[in-house]
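For reference, the structure discussed in these notes is given below.
The values are calculated or read from the model by the stated rules, or taken from the named source; none is laboratory data. All values reported here derive from a predicted model rather than from experimental measurement. When we count neighbours, we look across all protein chains shown, and the Cβ atoms used for this are built from the backbone with ideal geometry, even at glycine. Heavy atoms of the whole protein, side chains included, go into the accessibility calculation; ligands, DNA and RNA do not. Shrake-Rupley method; radii C 1.70, N 1.55, O 1.52, S 1.80 Å.
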Amino acid sequence: MFPVRQPWLCKALGCYDCCIRCIGAVPYPSLVATLLCYAGMALFCGCGHEALSQTEVLVETYFARNVQDFVVMASFIKYFQYVIYGLASFFFLYGILLLAEGFYTTSAVKQTFGEFRSTHCGRCLSLTFIIVTYILAFIWLAVFAFSAIPVFFLFNMEQTCHNINILAETTPSINQHGWICMDARQYGLLPWNAMPGKACGMTLASICKTSEFYVTYDLYIAAFAGAGVTLLALFLYLAATTYNYAVLRFLGRKGVR
């Protein structure tokens, strides 16, 4: 939707004035929110998908000897990877819709289209987007909190390995650090009857030195950051759409249709 409908307007105003009017009709908050949303979802979906795959390898290699012990976790990982595909598609389409709605409301507010005015249907559509985005923001807040759980687990694991390495350097006896463990069963990754289910002492320290651990840790941090960026984009959408809707309501009450 281009903000100059009348061909004579370009001739009357000139190219420069037309370009200024076009630039003024761009909903910059919605545009920034869309770019943030796409960047955040790319981080969350891409890194989250790969981090889940690396988690399966890490748990299978170091924390579970029997295939039946992690079959539930493997099923959950595959299910959540499909959810990630759906989230990526949904937010891609929803970002386009919100950007289009931003163009509509910004142009209606600034009355850039000449005779173009806001309508009752347009205001109802804007209100619908506000409500849906508000609900999505609260849902995504829960996703943001949930994505912090694996980061917390791996952070604790890294700190435990650091303590083991310090004890190994200061005390020659293996008994001093052999009791320090990380139990995957306590975090719900494995059932309580899984064996061994935990890693202790220098075995745990050696796991922390593997490339699988560091790659998984970095991927979860990136996915957590992506979820935060997406949440910021949703709040920015809310601020922009709410402001535009409030102005449209004000214009509607003054008889501008």
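Annotations
- Residues (at pLDDT below 75 and under 11 Å from TYR62 (Cα atoms)) located in segment 187-200: GLY197
- Identity of the residue in segment 62-88, surrounded by 12 or more Cβ atoms within 10 Å (Cβ to Cβ) and small (Gly, Ala, Ser), that ends up farthest from TRP140 (Cα to Cα): ALA64
- Looking across segment 89-101, the residues that are open to solvent by less than 70 Å² (accessible area, probe 1.4 Å) and not small (Gly, Ala, Ser) come down to PHE91, TYR94, LEU98, LEU99, GLU101.
- Residues of segment 123-150 satisfying the condition of being assigned to a helix (DSSP H, G or I) and among the hydroxyl-bearing types (Ser, Thr, Tyr): SER126, THR128, THR133, TYR134
- Residue in segment 201-224 that is in contact with a Ser or Thr (Cβ under 7 Å, 6 or more places away or on another chain), open to solvent by 50 Å² or more (accessible area, probe 1.4 Å) and either at pLDDT 85 or above or not in a helix (DSSP H, G or I) (or both) present: yes
- Any chance PHE146 is modelled with pLDDT of 90 or more and among the hydrophobic types (A, V, I, L, M, F, W, C): yes
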